[in-house]
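The values are calculated or read from the model by the stated rules, or taken from the named source; none is laboratory data. Please read all numbers here as calculations on a predicted model, not as lab measurements. Cβ coordinates were reconstructed from backbone atoms using ideal geometry, including for glycine residues, and neighbour counts include every protein chain displayed. SASA here: full protein model, heavy atoms, side chains in, ligands and nucleic acids out. Shrake-Rupley method; radii C 1.70, N 1.55, O 1.52, S 1.80 Å.
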Amino acid sequence: MAEPLLEVSHLAVHYGGIEALCDFSLQLEEGEKVALIGANGAGKSSTLKALAGVVPFAQGSLRYDGMDWTHQPAWKRARAGLILVPEGRGVFPRLSIAENLQMGQMGRSDPAAMEKVYVRFPRLYERRTQAAGTLSGGEQQLLALGRALLTRPRLLMLDEPSMGLAPQRVDEVFGVIAEMVQAGTTLLLVEQNARRALELCDRALILESGRVVFSDRAAVCLASPALRAAYLGE
Ligand code: ATP
């Protein structure tokens, strides 16, 4: 049988004496969509950052695309398609929208791909010479997603993509995410709007105080009144 696209085994993340994540294991098949949910401070961002190589593994290992990636730096992971769109979007406010998008090409020049992003996001095209910091929060999120598209993600990790956005913008952001996954991108999604994340994803992991307390199909989570009350605030 083919190896999964990603296999994390017994990952731990520490910040000094703080154990942010403990014994985290996950296998992701190509094209799978997994929601990672849990309260503030549960360790969701730390999980994504460790997989992206932005914070180190205190313990554990990472296999990706059939190889050991545990000790590979963030830039190599990004080049290989392991892409994180961080909370707060990671947009460079003083650079223009076009320059922010070019960063997504990571040194490649692919005008056709740029054009596709501009066609998908006409507002970014209209304002391409303006500083990204002049965009609204929702537009900056679309810029971050547009840039992520240009990186040719195989595994896209999104940290709170709808954070702080007006409902209409949330719909737009989820629409773009849905298009990306329909195109076959594998997704690991951290989202405060847990219901929407679960409706989009196949599987769910719930973290509590740095440990996985639930791992099953998203539909199982949605069907459980106890889990809905505890983690969806319903
Ligand atoms: P949130 O939704 O609030 O971002 P989260 O589930 O993403 O929460 P993390 O940000 O991964 O959680 O944080 C997990 C734990 O690690 C928390 O106790 C947090 O305070 C701690 N932590 C996170 N980043 C750091 C850091 N740079 N230095 C020290 N502690 C940190």
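Residue pairs whose Cβ atoms lie under 9 Å apart, separated by 6 or more positions or on different chains, with the first residue in segment 45-59 and under 14 Å from Leu6 (Cβ atoms) and the second near the ligand (Cβ under 9 Å from one of its atoms) and assigned to a loop (DSSP other than H, G, I, E, B), are Leu48/Glu87. Filtered by the rule that a residue be under 14 Å from Lys44 (Cβ atoms), modelled with pLDDT under 95 and open to solvent by less than 70 Å² (accessible area, probe 1.4 Å), segment 164-196 gives Glu191, Asn193, Ala194. When Arg63 is tested against (1) within 16 Å of the ligand (Cβ to nearest atom); (2) in contact with a strand residue (DSSP E or B) (Cβ under 7 Å, 6 or more places away or on another chain), only condition (1) is not met.
Considered as a group, the residues in segment 18-40 that are within 9 Å of the ligand (Cβ to nearest atom) and not in a strand (DSSP E or B) include one that is surrounded by the fewest Cβ atoms within 10 Å (Cβ to Cβ), and that residue is Asn40. Of the residues making up segment 156-184, those that are among the charged types (D, E, K, R) and within 16 Å of the ligand (Cβ to nearest atom) are Asp159, Glu160.
Within segment 65-92, restricting attention to residues that are outside any helix (DSSP H, G or I) and open to solvent by 80 Å² or more (accessible area, probe 1.4 Å), the residue that is nearest to Met157 (Cα to Cα) is Glu87.
Within the option set Leu84, Leu150, being closer than 24 Å to Ala183 by Cβ, under 16 Å from the mean Cα position of the chain (by Cα), within 16 Å of the ligand (Cβ to nearest atom) and among the hydrophobic types (A, V, I, L, M, F, W, C) holds for one residue only, Leu84.
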